[in-house]
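Here is the structure we will look at, set down as structure tokens.
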Amino acid sequence: MTDSQLEIKSREPRLYNRDLAPIPRSQRRWGWFEIFNVWSNDIQSLFGYTLAASLFLGYGLNGWAVMAAIVLAGVVVMVLVNWSGAPSVRYGIPFPVMARISMGVFGANFPALVRAVVAIFWYGVQTYFASTAVALLINSLLGIEGGAQWLGMTAVGWLSFLLVWVFQILLFWRGIERIRQFLNWAGPLVYVVMIVLTAVIWYQAGDELLPAIGTIFSGTGDYAGGSIGAFMAVMGTMIAYFAAVVINYGDFSRFVRSEREMKIGNFLGLPLNVAFFSLIALIVTAGTVVLFGERLTNPTDIIARVDSLPLTLIAALTFFAATVGINMVANFVPPAYDLANLMPSRIDFRVGGLITAVLALFIGGLWVSLISQIGIAGFVNTLGAVLAPVYGVMMADFYLIKRQRIDIEQLFTADPQGAYYYRGGWNVHALGAFAVAAVFSVASVWWSALDALAGYAWLLGALLGAVFYYLLARRATDSLAVSR
């Protein structure tokens, strides 16, 4: 696809603005290193570290089996994002525009809106978690402990939260190129800090560290579903952790120079990066047992107990950076595009980002005192489950029905004769396949009988969406051929 082929001659105001338009290859600056750092910031965030450490402790599995499940999950996610990222590399389009291929030029607003709601919620929550690293930094420098609380946060906590909120807006406002530079700085630096922390923990734990690691690697075998169930649960949990980025991965792959560089970045950033970082998490967690007599999985708790002010300050800054990095990738940029897709003539990338930030301010500010207490996660997980069949529909349509051939011009026209107008701008076959598959995906969140599938229900929902859509689309094609 050449730059000249990316020029859009027919521009429907309801479907086009410059942020949604295809990016010519000559204007793309991302390579494998940038993609690697997208994943580095993802797993190296505060929540990512806690998840990796918890997987070694919560399922009673042999540690080597946990490592294998984590690596396998990285491989699965790598395949998924290679699929979802390829169309955007080839055509330079973001996720909401790509969704028009299968859902229709107006039908694409549905998955875009759902994805935006999910992202805005988690953007507010992750902003709060990033602020805990800043609070640790301020408290360590000034020697502040405790204090009066309002809505579950101290004055330092609120100051930290607002500082992070403003910082993310300023970073976003500088554009995707500045976000790229920030990710490239944050990813490697967190690795350096984690390696230093590992060395400090190992030095302080001394000869007792390896036996502690051995205990974790021995496994207890007490998981109710048995070893196979535990293995699948670990793998599914890791896949679910990355699922939010999988569907809208095109929002970033559109900036990559070639598919080859995207695939190299995905390989280095997923299976290899996840395995290495998880091993670091294992060593540090085992060291906390030796040093503090308990298994600590929150890195800020670990850093706070290590008697080294310089390490505390540096670690607080880098964990803040990594958490902000993944928040930008998974929860800020996507809703900015998604909201722009709803009303391109009135909402551009920046306006979409401001709407995201304002809504997230209330979510993050009320997280401790209210939202985390009322079970809102079930609502958000339901919306996330809704996106699983959408991914399956999109991939089946692009690879099996459209055979990877699309008319880029037709994605920006509301002509009733357009290739992606379908019926009134909606593809009824995609909606039908989605509706059937979504019953399973949503049930996996709310129906206790499917609790065992909670970790990998997203994959099953995506598979069902793909199968149902393929059958409906093929049947429609066959019926059309017969009628002719």
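Of note:
- Failed item, numbered, when I401 is tested on (1) β-branched (V, I, T); (2) touching a residue at least 60 places away in the same chain (Cβ under 8 Å); (3) under 23 Å from I239 (Cα atoms): (3)
- Selection over the range 212-229 of residues that are modelled with pLDDT of 75 or more and surrounded by 12 or more Cβ atoms within 10 Å (Cβ to Cβ) gives a count of 5.
- Every residue from the range 298-324 that is over 18 Å from I280 (Cβ atoms) and within 20 Å of the chain's Cα centre (by Cα): F320, V324
- Listed conditions (1) assigned to a helix (DSSP H, G or I); (2) aromatic (F, W, Y); (3) within 30 Å of F362 (Cβ to Cβ) are all met by W83, apart from (3).
- Any hit, the range 377-399, residues being of a type in the set (A, V, I, L, M, F, W, C), at pLDDT below 95, more than 30 Å from Q126 (Cα to Cα) and in a helix (DSSP H, G or I): no
- In the range 427-441, the residues that are more than 15 Å from I101 (Cβ to Cβ) and under 24 Å from the mean Cα position of the chain (by Cα): A435, A437, A438, V439, F440, S441
- Residue under evaluation V164, criteria (1) under 23 Å from N327 (Cα atoms); (2) surrounded by 20 or more Cβ atoms within 10 Å (Cβ to Cβ); (3) modelled with pLDDT under 85, criterion not met: (3)
- In the range 63-79, the residues that are under 13 Å from G236 (Cβ atoms) reach residues that are among the hydroxyl-bearing types (S, T, Y) with C-beta atoms within less than 6 angstrom, at least six apart or across chains, in these pairs: I70/S278.
- Among the residues of the range 400-428, those identified as in a helix (DSSP H, G or I) and farther than 21 Å from N341 by Cβ are L400, I401.
- Pick from the range 291-315, criterion within 16 Å of G48 (Cβ to Cβ) and in contact with a helix residue (DSSP H, G or I) (Cβ under 7 Å, 6 or more places away or on another chain), ranking: surrounded by the fewest Cβ atoms within 10 Å (Cβ to Cβ): N298
- Check on T132, crowded, with 24+ Cβ neighbours inside 10 Å, at pLDDT below 95 and part of a helix (DSSP H, G or I): no
- Across the range 200-214, not a single residue is classified as without any contact (Cβ under 8 Å) to a residue 60 or more places away in the chain, on the phi < 0 side of the Ramachandran plot, assigned to a helix (DSSP H, G or I) and among the β-branched types (V, I, T).
- Filtered residues of the range 100-118 (kept if in a helix (DSSP H, G or I) and surrounded by fewer than 24 Cβ atoms within 10 Å (Cβ to Cβ)): N109, F110, L113, V114, V117
- Filter result for R174 (among the charged types (D, E, K, R), under 18 Å from the mean Cα position of the chain (by Cα) and either at pLDDT below 95 or surrounded by 21 or more Cβ atoms within 10 Å (Cβ to Cβ) (or both)): no
- Considering the range 86-122, and only residues there that are under 14 Å from the mean Cα position of the chain (by Cα) and of a type in the set (G, A, S), the residue that is nearest to F362 (Cα to Cα) turns out to be A119.
- Residues in the range 348-375 that are in contact (Cβ under 8 Å) with a residue 60 or more places away in the chain, part of a loop (DSSP other than H, G, I, E, B) and not charged (D, E, K, R): L366, W367, V368, S369, L370.
- Within the span defined as the range 83-94, one or more residues are surrounded by 19 or more Cβ atoms within 10 Å (Cβ to Cβ), aliphatic (A, V, I, L, M), in contact (Cβ under 8 Å) with a residue 24 or more places away in the chain and out of contact with any strand residue (DSSP E or B) (no Cβ under 9 Å at 6 or more places or on another chain).
Table: residues versus (1) in a helix (DSSP H, G or I); (2) more than 30 Å from Q204 (Cα to Cα); (3) touching a strand residue (DSSP E or B) at 6+ places or on another chain (Cβ under 7 Å).
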| site | (1), (2), (3) |
| --- | --- |
| V246 | yes, yes, no |
| M262 | yes, yes, yes |
| G265 | yes, yes, no |
| L272 | yes, no, no |
| F277 | yes, no, no |
| V284 | yes, no, no |
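- S54 passes every criterion in (1) surrounded by 18 or more Cβ atoms within 10 Å (Cβ to Cβ); (2) not in a loop (DSSP other than H, G, I, E, B) apart from (1).
- Total residues in the range 413-450, condition of a type in the set (A, V, I, L, M, F, W, C), more than 21 Å from L471 (Cα to Cα) and at pLDDT 90 or above: 1
- Of the residues I195, I179, I169, the single one that is part of a helix (DSSP H, G or I) and exposed (fewer than 13 other Cβ atoms within 10 Å of the Cβ) is I195.
- Scanning the range 24-49 for residues that are surrounded by fewer than 19 Cβ atoms within 10 Å (Cβ to Cβ), over 18 Å from M328 (Cβ atoms) and touching a residue at least 40 places away in the same chain (Cβ under 8 Å) returns P24, R25, R28, G31.
- With respect to being under 25 Å from A68 (Cα atoms), of a type in the set (S, T, N, Q) and touching a helix residue (DSSP H, G or I) at 6+ places or on another chain (Cβ under 8 Å), N273 fits the description.
- Hits in the range 31-43 (condition: under 14 Å from the mean Cα position of the chain (by Cα) and either within 10 Å of P299 (Cα to Cα) or of a type in the set (D, E, K, R) (or both)): D42
The values are calculated or read from the model by the stated rules, or taken from the named source; none is laboratory data. None of the values given here were measured: they were computed from a predicted structure. Here the Cβ is made from the backbone with ideal geometry for all residues, glycine too, and neighbour counts use every protein chain on show.
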